[in-house]
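Written out below as structure tokens is the structure these notes cover.
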Amino acid sequence: PELNPVENVWQYLRQNKLAITVFDDYAHIVDVCCDAWTFFARDPATVASITRRSWAQVKG
């Protein structure tokens with residue numbers, strides 16, 4: 001997870017939106033995952049806190 005921030009994103013989504021979910025079919029999986037992603041993407045502070053790495057900064 002330290003080298004691949006997306007692992008932290010998946011962990012967050014599983015813990016906050018996808019845990020203990022029984023899916024009816026493939027379309028339901030897609031709908032629930034899209035809703036979870038939208039929930040995550042609409043919170044820039046959470047996105048930044050989960051994906052930020054102190055050693056990975058662009059200096060301008």
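Before moving on, here are some points about what is shown:
- Solvent exposure of the chain as accessible area per residue, Å², 1.4 Å probe: 81 Å²
- The angle between the Cα long axis of helix 26-41 and the longest principal axis of the Cα atoms of the chain comes to about 30 degrees, rounded to the nearest 10.
- Taking each residue as 0.36 nm, the span from R42 to E7 lengthens on full extension beyond its C-alpha to C-alpha distance by 10.7 nm.
- Segment N16-D35, extension gain: residue separation times 0.36 nm, minus the distance between their alpha carbons: 5.7 nm
- The chain, accessible surface, carbon-and-sulfur percent (1.4 angstrom probe): 57 percent
- All C-alpha to C-alpha distances of region 1-41, sorted into 5 Å bins beginning at zero, yield P(r) values of 5, 24, 28, 22, 14, 5, 2 percent in whole numbers.
The values are calculated or read from the model by the stated rules, or taken from the named source; none is laboratory data. Here the structure is a predicted model, which means the values were calculated and not measured. The protein model used for the area step is the full one, side chains on, heavy atoms only, and it has no ligands, DNA or RNA in it. Shrake-Rupley method; radii C 1.70, N 1.55, O 1.52, S 1.80 Å.
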